[in-house]
Amino acid sequence: MGKISKALKALWWIIRKPVLLNRVLTDEDSWRSHVRDTYRLPDGLPVIGMDQLIKTDSVSLGPMTFLDGGSLPTDMMLLASLAESIRDCNYFEIGTWRGESVATLASRVKSCYTLCLTDEEMQAMGMHEKTIESHRLFSEDLDNVTQLRGDSRSFDFRSPGKRFDLIFIDGDHHFDFIKSDTRNVFEHLVHDNSIVVWHDYGFHPDQVRFEVMSAILEGVGPGRAGKVYHVAHTKCAIYTGKSYAFSPAGFPVVPDEYFMLELIRKKIKKPHHPAQ
C-alpha cells in the first residue's frame, strides 16, 4: 500500500501543479511513452525524403567547423536549398551559436534575423568565456543579418514587424523552451506559405529525441501536428503546411541514397590583439 499511496500523492501534486509533469518526464523512455500515448507515434515522426522538398542534388556549403553543437552537412543542405527555392527569402532563426547556419544562408536570402542570448545572460548561466566568445563568430559583420539579443521566452516576437518565409528553431532543446519558441513563431512570425524547420529533432538522423518531438507537436497544436515530418538523413523536423508521401519512422534505417562531400579547409582571420 505504501507504493500506491506514494503514487496517488504524486498524482495529486501533478494535478495541483501540472508543471511537475515535466519533472516526471525526465528521460527519453518517458518522453517516448508520452508521444506514443498522446500522438500514436511510438517510433517518431513520419519520414520524407529531401527530394520532396528541394529539386537540387548539389549545393555549396560553408562556413562549417564540424564542432560540437553544429549542424550536419545534410541539415545545412536542407536549409540552404530551401532558401534558394524562395524568391527574396526572409529568414529568421532562434539560436545563433557560432553563426554557421546564418552565414551559410546570408548570401542566399534577402534578409536574416537571428536571435540569441546576450553575453550577460550567458555569463549568468555560467557559460565558459570561450563559448560566449564563439557566439556569432561567422555572422557578426554580415550586412543583411540583424542580430537580436535576448531570451526567447521573454523576447517580443512582434518586434521585427514582419513575417518570415523560412524559420529555423535551434535554441534551447528542453521541452518548455521548444514549446514556447514554436508557439511564438506560429503566432507572430509565419504566414500562409512559411516553412518552419526544427534542428535536433534527432540525436542522429536515425535516433529520435522524444522530448524535442513532444515539444514540437504540442507547440504547433493539433491542427498542424499531422503535417510535421522528419527529413531523412538530417536531424531536422519540418512543417510546410503541405502533406507528403512518407515512410514510417523506424530503426535501423536502410538508406536509399547517399551524399558526396568535397571539403575545403580555410583559416579564420581573427583581429590581432597585441600583448599588454
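The values are calculated or read from the model by the stated rules, or taken from the named source; none is laboratory data. What you are looking at is a predicted structure, and each value in this text was computed from that prediction instead of being measured. Cβ coordinates were reconstructed from backbone atoms using ideal geometry, including for glycine residues, and neighbour counts include every protein chain displayed.
Here are a few things to note about the model shown:
- Any hit, region 85-95, residues being assigned to a strand (DSSP E or B), assigned by TED's automatic domain parsing to the domain that holds residue 202, surrounded by 20 or more Cβ atoms within 10 Å (Cβ to Cβ) and among the charged types (D, E, K, R): yes
- One residue alone among 134, 194 is outside the structural domain of residue 30 (by TED's automatic domain parsing), among the polar types (S, T, N, Q), out of contact with any helix residue (DSSP H, G or I) (no Cβ under 8 Å at 6 or more places or on another chain) and surrounded by fewer than 18 Cβ atoms within 10 Å (Cβ to Cβ), and that residue is 134.
- Scanning region 96-124 for residues that are under 15 Å from residue 69 (Cβ atoms) and assigned to a loop (DSSP other than H, G, I, E, B), we see that the one that is modelled with the lowest pLDDT is 97.
Residues checked against (1) surrounded by fewer than 23 Cβ atoms within 10 Å (Cβ to Cβ); (2) touching a Leu at 6+ places or on another chain (Cβ under 9 Å); (3) without any contact (Cβ under 8 Å) to a residue 40 or more places away in the chain:
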position: 179; (1), (2), (3): yes, no, no
position: 200; (1), (2), (3): yes, no, yes
position: 244; (1), (2), (3): yes, yes, no
position: 249; (1), (2), (3): yes, yes, no
position: 252; (1), (2), (3): yes, no, no
position: 255; (1), (2), (3): yes, no, yes
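- Selection count, region 144-165, where residues are assigned to a loop (DSSP other than H, G, I, E, B) and either over 22 Å from residue 119 (Cα atoms) or touching a residue at least 24 places away in the same chain (Cβ under 8 Å) (or both): 14
- Answer residue from region 137-160, given it is of a type in the set (S, T, N, Q) and within 20 Å of the chain's Cα centre (by Cα) and is surrounded by the most Cβ atoms within 10 Å (Cβ to Cβ) among those: 139
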